[in-house]
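Each value in this text was obtained by applying a stated rule to the coordinates, not by laboratory testing. Everything quoted here is computed from the prediction, not taken from an experiment. A quick note on method: Cβ atoms are made from the backbone with ideal geometry, for glycine too, and the neighbour counts reach across all protein chains shown.
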Amino acid sequence: MLVLSRKQNERIRVGDSVIVTIVRVSGDKVRIGIEAPADVRVLRDELHPSGLEAELAVAHEPVGTERVIELRLATAG
């Protein structure tokens, strides 16, 4: 696993076609934006693979729809 530190508005590239942007950091939440081609499925881990309904919802997103996922930061202690 590659672990990176990023600040707000910084980006990470995955391959040639996926860009992950840190949109906002607030308290224990990080808001990220994922730019990916329409044929690349983007799901939260807890929805995969049993979340067929969520998978279908993502598959029917309009092209160009911004996908933003909120993640909770793990706190030490």
Taking region 13-28 as the region of interest, how many residues are assigned to a loop (DSSP other than H, G, I, E, B) and free of Cβ contacts under 8 Å to residues at least 40 places away in the same chain? 4
Single match in 6, 31, 41 (criterion: outside any strand (DSSP E or B) and within 12 Å of the chain's Cα centre (by Cα)): 41
I'd like the full set of residues that are under 18 Å from residue 4 (Cα atoms) and either without any contact (Cβ under 8 Å) to a residue 12 or more places away in the chain or not charged (D, E, K, R) (or both), limited to region 29-46. 30, 32, 33, 34
